[in-house]
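What follows is one structure encoded as structure tokens, with my remarks underneath.
The values are calculated or read from the model by the stated rules, or taken from the named source; none is laboratory data. Please read these numbers as outputs of a predicted model, since none were measured by experiment. Reconstructed Cβ throughout: ideal geometry from the backbone, glycine too, with neighbour counts over all protein chains shown.
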Amino acid sequence: MLTKAKIEAEIAALGEEVEAVARRRGRSLPTPEDLGDLLDALGVTLEALRAARDATEDEGEKLAAIFTPGEVAPGAEALREAYLTLIGPALIRDGPAYFRALRALRPVLADLLEQRAERWSRAWREAPRPFDFHRGDRSGQERVSVPLAFPARPGQTPAEWATETVAKAKGWHRVVLAGLALNVAATELKEWRDWIAEEAVKQHDLLLRERANPTPSSAEDPAARWARDVAKHTLPDEEEAELVRQGVVRAEELAAVKALPPIPPGRE
């Protein structure tokens, strides 16, 4: 015969099991551990956490500052807006609003990753972070690394990987992927701005000197290095034009960088 204590224990165990299933299916609100994963995906540093804590006494303002991603290029702005629509309800535990925003997030995230997958493949691959998307298990045995390297399978393109990954992402997993994408997007914009402002000219001069050096310090061909750097720091034309319009860089700066000639190829 079951005692009252055993019945209560069975009920508690059943509740944990239901919660575990719900979490695996993405139908529960984020836990503090989940929020920690998102901070990691967003690239929030300890210094940023301290700055947000010291900036205001208002708890809502602190949370908003901590969970707000950095500025992104125009192509990633739709994802940033979709994420911001979601994170507020997630923090105040407004389930209906959170799940509506979560559904709306999927197509926006898929669209951005399909557009940027090839461009972001290296950054996506080189910034792995461990996340436990099966916390109901609590065993720590089902941890995965996000992001996975592009492409995921032989013959699968980055865009195909992105489409498949977003389609499979459930619940909070999708939010973390969005946070990681916004982290990469913020880094992309910062590096583009720095490239236009001064880094491009410095790198071009450096590689010209390397090309002229009879005993180069690097085994990599300067011409190939320059071509790769230019590709990495070139946004779609319409996005660059919009960033000029916004005053992120000056039109003269952008034009000067665009006018830099290729590095001459080496002798065979």
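When Pro89, Pro107, Pro96, Pro128 are checked against the criterion of being more than 23 Å from Arg193 (Cα to Cα), at pLDDT below 90 and not charged (D, E, K, R), a single residue qualifies: Pro128. Residue check: Asp237 meets all listed conditions (1) of a type in the set (D, E, K, R); (2) surrounded by 12 or more Cβ atoms within 10 Å (Cβ to Cβ); (3) within 22 Å of Ala76 (Cβ to Cβ) but one, namely (2). Residues in segment 210-234 that are in a loop (DSSP other than H, G, I, E, B) and surrounded by 11 or more Cβ atoms within 10 Å (Cβ to Cβ): Asn213, Pro216, Glu220, Asp221, His233, Thr234. Evaluating Ala73 against the criteria (1) among the aliphatic types (A, V, I, L, M); (2) under 17 Å from Leu109 (Cβ atoms); (3) surrounded by fewer than 12 Cβ atoms within 10 Å (Cβ to Cβ) leaves one unmet condition, (3). Residues that are of a type in the set (A, V, I, L, M, F, W, C) and within 17 Å of Ala76 (Cβ to Cβ): does segment 207-229 have at least one? No, segment 207-229 has no match at all.
Scanning segment 30-54 for residues that are surrounded by 14 or more Cβ atoms within 10 Å (Cβ to Cβ) and over 19 Å from the mean Cα position of the chain (by Cα) yields a single hit, Ala52.
Each residue in segment 235-267 was checked for being without any contact (Cβ under 8 Å) to a residue 60 or more places away in the chain, of a type in the set (A, V, I, L, M), more than 14 Å from Gln203 (Cα to Cα) and not in a loop (DSSP other than H, G, I, E, B), and 5 of them qualify. If the condition is being within 16 Å of Leu180 (Cα to Cα), in a helix (DSSP H, G or I) and small (Gly, Ala, Ser), then segment 71-105 contributes Gly75, Ala76, Ala78, Ala82.
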